[in-house]
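Visitor: Once you've had a glance at the structure underneath, I'll fire off some questions.
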Amino acid sequence: SSVFMAKWIGVAQKTAWKMGHAIRELMDPGAENQPPLHGIVELDE
């Protein structure tokens, strides 16, 4: 959950939710013109 992730990485819950949403979107195997991500993922806001 975003609450757990926020505590785990030390950010606000809203930030964790946005990050989680962006990562899930990028890992979607059905995304157009974009291969799914694997392994460690780093994301800048």
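All of the numbers you see were taken from the coordinates with simple rules; none came from a lab. All values derive from a computational prediction rather than experimental measurement. Backbone-built Cβ (ideal geometry, glycine too); neighbour counts: all protein chains shown.
Visitor: What's the exposure ranking of His38, His21, going from fewest to most Cβ atoms within 10 Å?
Guide: Details: His38 7, His21 11.
Neighbour counts put them in this order, fewest first: His38, His21.
Visitor: Still on this model: So, in nm, how far is label Ile9 from label Glu32 when the simple model puts each one 7 Å beyond its Cα toward the Cβ?
Guide: 2.7 nm
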